[in-house]
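Every number in this text was worked out from the coordinates using simple rules, so none of it is lab data. Remember, predicted model here, so these are calculated numbers, not experimental data. Neighbour counts run over all protein chains shown; Cβ positions are idealised from the backbone, glycine included.
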Amino acid sequence: MTHKSTEQTEHRRQATPQLHPVPSQLISLRMVLRTKNLVRYVFQNQHKLIQQLLVQGGPVRACSGHGGTQQQAQLRVEEDDNFPKITEVPPLAAPFPMKLEHAADVGEQFKYSDLSVRLAAPHQLNPKPDVDDLAFGKYFTDHMLKVSYHRRLGGWQKPEITPMENLNLHPAAKVFHYAIELFEGMKAYRGYDGKIRFFRPEMNMARMNVTAYRSGLPTFESEELIKAMARLVMIDSEWVPHTESASLYIRPTLIGIEPTLGVASSDSALLYTILSPVGPYFKPGAKGLKLYAEPKYTRAWPGGVGDRKVGSNYGPTIHVQQEALRHGCHQVLWLYGDDHQLTEVGVMNIFMLYIKENGERELITPPLNGLILPGITRDSIIRLCHQWGEFSVCERKFTMAEVKKLSQEGRLLEMFGAGTAAVISPIERIAYMGEEIYLPTESHENPLFRRLYNTLTDIQYGKLEHPWAYVID
Ligand SMILES: Cc1ncc(COP(=O)(O)O)c(C=O)c1O
């Protein structure tokens, strides 16, 4: 065998034609091409090279609790992980229009291909915190993405990545007076395989565009912003935690900056994206949520903007959240109407799994009737459960009276909140009109909330290949 293959090698060597001497012009052309490629590589990867140079002994290092190695997620419980995982996406209607037609006067759109990059100087790079020290939105990465919009200059301007810096705005900018602003919340995850992924980013972009439309702000091409944000994340990639218990929170924001006091649409705007490494929203080992349900407060109303991600939905909730904390609760359960319909929990959508009169299980969540944010986690849960086909899934109103009745009759199985920040949060108690309603969410074997948590995080961290994962590197 060995003899034969030696023979074959010998034969091939003899069969190889003699090389002619290469003309010197060709050699120098090759060298020029090689140098060009090298220059291009250095240009595109200068952030990595700078970090490599600084990494030894310097304060700039990988964002990780354990020197850059992967660590098991603390929230994860593995024993119920043997359910079939299905990787197709059911063809349900999208919760909002996935593509809006731009208004005729919006002007030029920005393009990823016009993106310019100005990197932070070495002294501007920040030390990366340990994962254990991460609090939500406390630390920010070294760079940000900005795109200006000026109607009188023809529309969107060229996107740019710059070092993270303060904004310089006129005190009359509309964002400060009439809260003409909106934002999104999404994440980049470092997977088991080291690759960085977004989760359904086209959904965040579509939701951002419908919110921009409702706020009189300019709309944009979703795919162009996704590509620009992917580049930003790659530049600050060492800030994406090297652990499955943390991620890089992405905050695209659009503000009206026209410096005039009229309550009117803003002819100039700024779209920017900042990044913040975040740990688990709720501390590992934390018990289920205790909710404060006070019917005198409401978060949203028909015809309002409760279904849009505008900052003005959030400011007025802070007082109520403080009241919830004073009552020993973690979050507010937002009710609506005289019949006390459940709408949302804190900044999450709400789900309830219960046993119907006929003995079958059903998962319910409030409908998209304008009172709730059309959550991307909510949509993903509905699709996954439809696909599993083990119980019915229904988007319908449900009230505190129904919750109390189901709880008294032992038919309420689980209640949980769902959103990008916390993924899934089990609910244990509701403080409501002087009563405490206990929910057995965490007392079952293999609860649905944990299976959903595992499936979603498996997709996000690349353990389960799925069309919802968007690999960016
Ligand atoms: C009020 C509100 N509800 C629900 C959600 C959950 O939405 P998503 O799953 O898209 O994060 C959020 C978070 O964005 C929110 O702010």
Above-threshold pairs, the threshold being 27 Å between Cα atoms, out of LYS99/LYS187; LYS309/LYS405; LYS138/LYS309; LYS187/LYS287: LYS309/LYS405
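Note the full-extension length gain between ARG396 and LYS138 as 0.36 nm times their separation in residues minus their Cα-Cα distance, in nm to one decimal. Please report the intermediate quantities before stating the final value.
Numbers: separation 258, 0.36 × 258 = 92.88 nm, distance 3.68 nm.
Residue separation times 0.36 nm, minus the Cα-Cα distance, leaves 89.2 nm.
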Whole-Å distance, taken between Cα centres, linking the range 230-262 and the range 275-346: 23 Å
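Quick one: net charge of ASP338's neighbours, Cβ under 14 Å, K/R +1, D/E -1? Let's see the in-between values first.
Values: positive: LYS296, LYS397; negative: ASP339.
So the environment of ASP338 carries a net charge of +1.
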Dipole of the range 317-425 [Lys/Arg +1, Asp/Glu -1 at C-beta], most positive-end residue of ILE318, GLY389, THR399: ILE318
Violating pairs (Cα-Cα greater than 19 angstrom) within the set LYS356/LYS404; LYS128/LYS463; LYS174/LYS296; LYS158/LYS227: LYS128/LYS463; LYS174/LYS296
Computed E for ILE318/ALA94 - FRET, C-beta separation, R0 25 angstrom, nearest 0.05: 0.20
